[in-house]
1. Could you line up 26, 45 from fewest to most neighbouring Cβ atoms inside 10 Å?
2. Treating the angle as unsigned and between 0 and 90°, give the value, to the nearest 10°, between the Cα long axis of helix 134-159 and the longest Cα principal axis of the chain.
3. Between residue 159 and residue 50, what length in nm is gained on full extension when 0.36 nm per residue of separation is reduced by their alpha carbon distance?
4. With a point put 7 Å past each Cα toward its Cβ, work out how far residue 34 is from residue 10 in nm, to one decimal.
5. What do you get for Rg/Rh over the stretch 4-77 if you use C-alpha atoms and the Kirkwood form of Rh?
6. What is the fewest-to-most order of 12, 42, 145 by other Cβ atoms lying within 10 Å of their Cβ?
7. Principal axes first, then extents: for the Cα atoms of the stretch 1-151, list largest minus smallest coordinate on each axis, whole Å, largest first.
8. To the nearest 10 degrees, how steeply does helix 13-25 sit against the main Cα axis of the chain, on a 0 to 90 scale?
Ligand code: RP5
């Protein structure tokens, strides 16, 4: 039971690292690599084709600009794909990355998170896995409880 984290370029790593960090924090097995839809289409096809048989349960795919990677991977595999729009050097303002990943035609969904939001992609992947792993769901509940407690603490401080 593994999360596959892929990105179009090494330049996406500073953003995509957050997804890996969440997997580490939750003790979820993951792999991370570069797969480019434009520069290595054959590698992208093999990765997507073999993902399920290699035990990958969720794919997190990040890319910027004309970001085809998440959608193309989703078209090849039945493994759910979470797309991370990256504000890359070739991205005009980030909207190009967002819309390329978000606006998938009916039939091929990509669960798109916010711009550069690889952390949320990691959390969503953990939540997907936790539907079959009660101990992971428990960890996620603890994570959310911690977020709530922090806000309540801040609110109490502000009010006093
Ligand atoms: C996309 O082009 C990559 O995902 C990256 O976000 C962007 C720029 O890539 P590099 O030119 O930095 O390799 O395909």
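Readers should treat all values here as calculations from the given coordinates under stated rules, not as data from a laboratory. All values reported here derive from a predicted model rather than from experimental measurement. Neighbour counts run over all protein chains shown; Cβ positions are idealised from the backbone, glycine included.
1. With the sparsest Cβ surroundings first, the list reads 45, 26.
2. Orientation of helix 134-159: about 50 degrees from the principal axis.
3. So the chain would gain 33.8 nm between residue 159 and residue 50.
4. Placing both labels 7 Å beyond Cα along the Cβ direction yields 0.5 nm.
5. When Rh is taken as the Kirkwood radius, the ratio is 0.95.
6. In order of increasing Cβ crowding within 10 Å: 42, 145, 12.
7. The principal-axis extents, from largest down, are 42, 36, 30 Å.
8. For 13-25 against the chain, the angle is about 50 degrees.
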